[in-house]
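The values are calculated or read from the model by the stated rules, or taken from the named source; none is laboratory data. Just so we're clear, the structure is a prediction, and the values are computed from it rather than from any experiment. Positions of Cβ are backbone-derived with ideal geometry, glycine not excepted, and every protein chain shown enters the neighbour counts. Quick note on the areas: whole protein, heavy atoms, side chains included, nothing else; ligands and nucleic acids left out. Shrake-Rupley method; radii C 1.70, N 1.55, O 1.52, S 1.80 Å.
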Amino acid sequence: MEADRAHRVLLDGSRLIVEACVQAGADVYVGYPITPANLIFSYASQRFPIALPAPDEITALQWMAGLSAAGFLPVTATSFPGFALMVESINMAYMMELPMLIILVQRLGPSTGTATVGAQGDVLLLDGLISGGYPLPVFCPADLEDCWRLPPIALQTAVDLRTPVVLLSSKEMVMTQHSFDLSRLSPIEPIRRSFYQGSAPYRAYDPGDGLVPPFLPVGNERHPVRLNASTHDRSGILRSADEEAIANTRRLGEKIEALTPVLYELDEQEGARALIVSYDITSGAAREAAAILRAQGVPVSLLLIRTLLPIPAIYYEVLARYPRVVIAEENTQGQLARLLFGWRTPDHVRRVGAVGRMVRPEEIVREVLAP
């Protein structure tokens, strides 16, 4: 018993995310403090090898782009008002194919909303973030252990796919302290990075036989590197709409669709006719609702989403097996339901939402049992 207590601490998701990023090999944090992401800023300033306080969020993403181009692996964290200022620069980094991690901590909106109240209101924003409708990898933790497990995966994805990646969370996940057993955390291996080693002139956007071009930092001593945020060919030369440039632009979406890791938790129960679906902080309520129903003798299955975007095909395969689907999330618009099914939710899909507070397990139970 005493040994168990020795490993138990009060901990929030912010500290786990920061430590996981550092141990995975992220070497620069650039940020502007904003609630509820300010604990990440505070911890990062103590743990990252380099921590740069930016004067605003626009500057933060511009510095991130420059650092990434120079071979660093940068991280930032923000909430909706700051993220809104970052959107143009995220699009720039996406087109330039610069790896970076952006932690988005959701809070109550619209606009500046209430900084100290949580929400899950930015899902549809992320789906349309990149102009042209191109997908961006988005992962979301379902519990505190995910705050440790997912940052290395997100960083490896950013490097492997040469792209910005978003780690989506919310206020209660990153700011609320929980009693946590540190022995549940597995060791983190540093992410793998490789750079162009060829002797031929380097073409920054030539993927060869694959979908992702090899990376080479600007300022290296072997080859000049041409990066471009406008439509360009494989050499990075500005083009309007010729065949090579359009093929290069199309490749940006293809690599994300094909190579983004698919992460989810599926707990299916024999005889279940209902499936509870959730993500991020509401996963806790979904788990508790499933436990309540099973204790009452009602079989129910549970799908917790960790890869939010691009939407994995396996989700639809699971959803199709159930005559009733209950989607729980901390907004009143049913953003995840709309992401999955469009603007006309099928009759067999029930939505459980809340605004200004967290979703309660009994609300999910009620929708599962409703006639």
**Asked** Relative contact order for the stretch 212-371 using alpha-carbon pairs under 8 Å, separation at least 6, rounded to a whole percent?
**Response** 19 percent
**Prompt:** In whole percent, how big is the carbon plus sulfur part of the accessible area of the stretch 1-261, probe 1.4 Å, protein atoms only?
**Reply:** 54 percent
**Item:** Crossing angle, helix 144-161 versus the chain [Cα axis fit, 0-90 degrees, rounded to tens]
**Value:** 30 degrees
**Asked** Only one of the listed values, (i) 136; (ii) 153; (iii) 120, was derived from the coordinates as volume of the Cα convex hull per residue in Å³; which label is it?
**Response** (ii)
**Request:** Mind checking the per residue accessible area of the stretch 1-261 for me, 1.4 Å probe, whole number of Å²?
**Result:** 41 Å²
**Message:** I need the chymotrypsin sites (Phe, Trp or Tyr not before Pro) found in the stretch 205-283, filtered to DSSP loop residues with at most 14 other beta carbons within 10 Å of theirs.
**Reply:** none
**Fill in**
Per the 1/(1 + (r/R0)^6) rule, R0 = 30 Å and r from the Cβ atoms of LEU238 and ILE58, FRET efficiency to 0.05 is 0.80
**Request:** Give me the accessible area of HIS7, 1.4 Å probe, in Å² rounded to the nearest 10.
**Result:** 90 Å²
**Request:** For the stretch 264-369, just run the numbers: alpha carbon Rg, then divide by 2.2 N^0.38 Å, N being how many residues it has.
**Result:** 0.96
**Asked** Which of the GluC sites (Glu not before Pro) across the stretch 234-336 are loop residues per DSSP, with 16 or fewer other Cβ within 10 Å?
**Response** GLU268, GLU270
**Asked** Helix 38-47 versus the longest principal axis of the chain: what angle, 0 to 90°, nearest 10, using Cα atoms?
**Response** 50 degrees
**Asked** Taking the simple approach of a point 7 Å from Cα along Cα-to-Cβ for both LEU369 and HIS7, what is their distance in nm?
**Response** 3.7 nm
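Based on DSSP H runs of at least 4 residues, each adding -39500 (n - 2.57), what is the mean residue ellipticity at 222 nm of the chain after dividing by all its residues, to the nearest 500 deg cm²/dmol?
When only DSSP H runs of four or more count, the value is -11000 deg cm²/dmol.
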**Asked** Using Cα atoms only, what is the angle between the long axis of helix 283-295 and the major principal axis of the chain, expressed in degrees (0 to 90) to the nearest 10?
**Response** 30 degrees
**Complete:** For the stretch 264-369, dividing by residue count, accessible area per residue (probe 1.4 Å) in Å² works out to 43 Å²
**Prompt:** Assigning unit charges at the beta carbon (Lys, Arg +1; Asp, Glu -1) and nothing else, what dipole magnitude in debye, to the nearest 20, does the stretch 264-369 show about its Cα centre?
**Reply:** 260 debye
**Request:** Show the residues, 5+ positions off or on another chain, whose built amide H is closer than 5 Å to the amide H of VAL277.
**Result:** LEU303, VAL326, ILE327, ALA328
**Request:** Taking each pair of different alpha-carbon atoms in the stretch 260-314 once, compute 1/r for the pair, average those values, and report the inverse of that mean as the Kirkwood hydrodynamic radius in Å to one decimal.
**Result:** 11.7 Å
**Long-range HN-HN contacts of GLN106 with modeled amide H, under 5 Å** = SER169, SER170, LYS171
**Request:** Considering Cα pairs under 8 angstrom that are at least six residues apart, work out the relative contact order of the chain and quote it in whole percent.
**Result:** 17 percent
